[in-house]
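So the structure is just underneath, and the comments pick up after that.
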Amino acid sequence: VLKAVDGEGNDSTSIEVPHKSSPSVGIIMGSDSDLPTMKDAAVVLDDFGIPYEISVVSAHRTPEYMYEYATTAEARGINVIIAGAGGAAHLPGMVAALTPLPVVGVPVKSSALSGNDSLLSIVQMPKGIPVATVAIGNAANAGLLAVRILGAANPGMRQKMARFMSSESTMVETKRRKLES
Ligand code: RP5
């Protein structure tokens, strides 16, 4: 179980970390305080039946561990890394600089600048090292993007994505019909 602790030391969010032998996606975040945001990526991967690992990896507090995590991810069978961080959010870019795997960055909403700092830190990667950046706080979309990346070489996964998209359409159609009736 990965737990986030609030200012008073109490558990605020916790997530059952799956013990799957060969995780395909690595979800990492700069702090346990990012977990309430980042858990949405895990929910999506669970829905699509994709094995993942989830961990706290801080670029500035645990730089050696970040190096180890990023440089061993490929050999451990990880195909996509989802990295969330807030403030001067260098984790996704640093990890992308250490691995050839695709990295999806999640700008976590910060208290000082509402996540605009996180967004610009992650999206403004200089040419050569890309980080696919989702909207502030939108870890669910990071999960969905990871599914699409995996789907590029996996027709079954593409089919699941198509089914998900059509269920989204049905939901909106139902709401529209209700509204118009
Ligand atoms: C970043 O600083 C983390 O990604 C988090 O969003 C932010 C605040 O971290 P804590 O002070 O809550 O640990 O490294």
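Which one of the conditions (1) away from the ligand (no atom under 15 Å from the Cβ); (2) free of Cβ contacts under 8 Å to residues at least 12 places away in the same chain does residue 78 fail to meet, given that it meets all the rest?
Only one criterion is unmet by residue 78, namely (2).
Taking the condition of being touching a helix residue (DSSP H, G or I) at 6+ places or on another chain (Cβ under 6 Å) and assigned to a helix (DSSP H, G or I), how many residues in region 28-47 meet it? Reasoning before the result, please.
Start the filter on region 28-47 by keeping residues that are touching a helix residue (DSSP H, G or I) at 6+ places or on another chain (Cβ under 6 Å), which leaves 29-30, 37-38, 40-41, 44-45.
Restricting the remaining residues to those that are assigned to a helix (DSSP H, G or I) gives 37-38, 40-41, 44-45.
So the answer is 6.
Would you please list the contacts, defined by Cβ atoms under 7 Å and residues six or more apart or on different chains, that run from a residue in region 132-149 that is without any contact (Cβ under 8 Å) to a residue 24 or more places away in the chain to a residue that is surrounded by fewer than 23 Cβ atoms within 10 Å (Cβ to Cβ) and assigned to a loop (DSSP other than H, G, I, E, B)?
141/135
For residue 88, are the conditions met, namely being of a type in the set (A, V, I, L, M) and either more than 30 Å from residue 160 (Cβ to Cβ) or within 9 Å of the ligand (Cβ to nearest atom) (or both)? Walk me through it before giving the result.
Values: of a type in the set (A, V, I, L, M): yes; either more than 30 Å from residue 160 (Cβ to Cβ) or within 9 Å of the ligand (Cβ to nearest atom) (or both): yes.
For residue 88, the condition - of a type in the set (A, V, I, L, M) and either more than 30 Å from residue 160 (Cβ to Cβ) or within 9 Å of the ligand (Cβ to nearest atom) (or both) - is met.
Among the listed residues 119, 150, 101, identify the single one that is farther than 17 Å from residue 38 by Cβ and surrounded by 20 or more Cβ atoms within 10 Å (Cβ to Cβ).
Result of the check over 119, 150, 101: 150.
Can you name the residue in region 59-70 that is hydroxyl-bearing (Ser, Thr, Tyr) and over 18 Å from the mean Cα position of the chain (by Cα) and is also farthest from the ligand (Cβ to nearest atom) among such residues? Give the derivation first.
From region 59-70, those hydroxyl-bearing (Ser, Thr, Tyr) are 62, 65, 67, 69; that's our starting set.
Cutting the leftovers down to over 18 Å from the mean Cα position of the chain (by Cα) gives us 62, 65, 67.
Working: 62: 10, 65: 13, 67: 16 Å.
Ranking the candidates gives 67 first.
Where a number appears in this text, it was derived from the coordinates with a stated rule and is not lab data. Every value quoted in this text rests on a predicted model; they were computed, and no experiment measured them. Every residue, glycine among them, receives a Cβ derived from its backbone with ideal geometry; neighbour counts consider all protein chains shown.
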